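The values are calculated or read from the model by the stated rules, or taken from the named source; none is laboratory data. Values in this document were obtained by computation on a predicted structure and should not be read as measured data. Cβ atoms come from the backbone with ideal geometry, glycine included; neighbour counts cover every protein chain shown. The accessibility values were calculated without ligands, DNA or RNA, using every heavy atom of the protein model including side chains. Shrake-Rupley method; radii C 1.70, N 1.55, O 1.52, S 1.80 Å.
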Amino acid sequence: MLLEVKNVTKSYGGPKKALDDISFVVKKGEFVAVIGPSGAGKSTLLRCINRMVEASSGEVIFSGASVYELSGRELRRLRSQIGMIFQHYNLVNRLTVIENVLHGRLGYKSTLAGALGLFTEQEKRQALEILQALGLEEQLYQRCDQLSGGQKQRVGIARALLQNPKMLLCDEPIASLDPSAAKIIMDHLKKISQERGITCLVNLHQVDVALAYSDRIIGIKEGRIVYDGPPGELTAEK
Ligand code: ADP
Ligand code: ADP
């Protein structure tokens, strides 16, 4: 077991809870799609796992550690094992592809100036290998604001992979992409999961994509789990 989410509830203070008593367990290497309509709580759920959002109650256990009890330093170490992929990529647009990928290693609050000088040859080589595997070898020195959406998302994936994560949390990774770019991204995520054994939790609102790629689907609606099982049974039921 890599991840256990236990009775997690989140209220932002409004009348209804964004998450209401969510519990599930994820094994190493599983590729899980989290589906549900807009506002169901998918994004809040992923963010409660690595404490980008603080849950109101409940518990998360990741790789043996009780995430909600960690100190700042321990939490930063844990977060380096959990890569995040965002709908809007969250790249630094005025930096190049290679700078964005290496910069991910420093964490978001570090200074940008001279960042490249801080990396070892091994880190730079690993970044190049990852970018090549994602088909970005010709874009290394291009500024991120000149890339297509699909290319930007591949940079986001590369940045996450350079941290050698055990798990990727992907929050609507293809929601801003056209179908062909979306397919490329999903194919890469699936391959990464299969070849490297990296666990993936992927928020999607497209049921067909979830059916095509995932080992397991967690359906959420109004902050509650309404389905948790293999993709095959979801089609039979609904
Ligand atoms: P989804 O990712 O499925 O679209 P979200 O997790 O973004 O769902 O949102 C779940 C609910 O929580 C929605 O009602 C949304 O408006 C609310 N919500 C999300 N983020 C915040 C926030 N920062 N402050 C207040 N309410 C929020
Ligand atoms: P993205 O797709 O980039 O996550 P969103 O539009 O989902 O963008 O959310 C942008 C920000 O607004 C997030 O930090 C989210 O938590 C917050 N947010 C979402 N819903 C609400 C809400 N109902 N009230 C306040 N903040 C919200």
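Tabulated data
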| quantity | calculated |
| --- | --- |
| Per-residue SASA entry for residue 12, accessible area with 1.4 Å probe, Å² rounded to 10 | 140 Å² |
| Residues of region 134-178 with amide N under 13 Å of a point placed 7 Å along Cα→Cβ from residue 56 | none |
| Label-to-label distance, nm, for residues given as residue 140 and residue 233 (7 Å Cα→Cβ offset) | 4.8 nm |
| Cα shape, region 1-68, gyration tensor, a/c 1.5 rule | oblate |
| Peptide ranges 150-156, 224-230, 93-99 listed from the most packed, as the mean C-beta count within 10 angstrom indicates | 150-156, 93-99, 224-230 |
| Theoretical FRET efficiency, 1/(1+(r/R0)^6), r = Cβ-Cβ of residue 211 and residue 4, R0 30 Å, to 0.05 | 0.75 |
| Förster-model FRET efficiency, 30 Å R0, residue 222 and residue 175, C-beta, rounded to 0.05 | 0.90 |
| Å² of accessible area per residue within region 39-78, as computed with a 1.4 Å probe and no ligands counted | 47 Å² |
| Whole-percent carbon and sulfur share, accessible surface of the chain, 1.4 Å | 49 percent |
| Which of 176, 66 is most accessible, then next, and so on - probe 1.4 Å | 176, 66 |
| Rounded D (µm²/s) - the chain, Kirkwood Rh over Cα pairs, Stokes-Einstein at 25 °C, 0.890 mPa s | 134 µm²/s |
| Among 101, 156, 60 the positive-end extreme of the charge dipole of region 19-170 (Cβ point charges) | 101 |
| Candidates 199, 44, 120, ranked by Gaussian network fluctuation over the chain, Cα under 10 Å, top entry | 120 |
| Fluctuation leader among 84, 167, 52 - the chain, Gaussian network, Cα springs under 10 angstrom | 52 |
| Expected-Rg normalisation [2.2 N^0.38 Å, Cα atoms] applied to region 142-190 | 1.13 |
| Beta bridge orientation in the chain: antiparallel %, DSSP, nearest 5 | 50 percent |
| The chain - mean residue ellipticity at 222 nm from DSSP helices (-39,500 (n - 2.57) per run, n ≥ 4, rounded to 500) | -10000 deg cm²/dmol |
| Inter-label distance for residue 124 and residue 27, nm, one decimal - labels placed 7 Å from Cα along Cα-to-Cβ | 4.3 nm |
| Accessible area (Å², 1.4 Å probe, nearest 10) - residue 205 | 100 Å² |
| FRET efficiency, 1/(1 + (r/R0)^6) with R0 25 Å, evaluated for residue 77 and residue 195 via beta carbons | 0.50 |
| Prolate/oblate/rounded label for region 44-89 (Cα gyration tensor, a/c 1.5) | oblate |
| Links that overshoot a 22 Å alpha carbon limit, given the list 27/183; 183/221; 6/27; 27/124 | 27/183; 183/221; 27/124 |
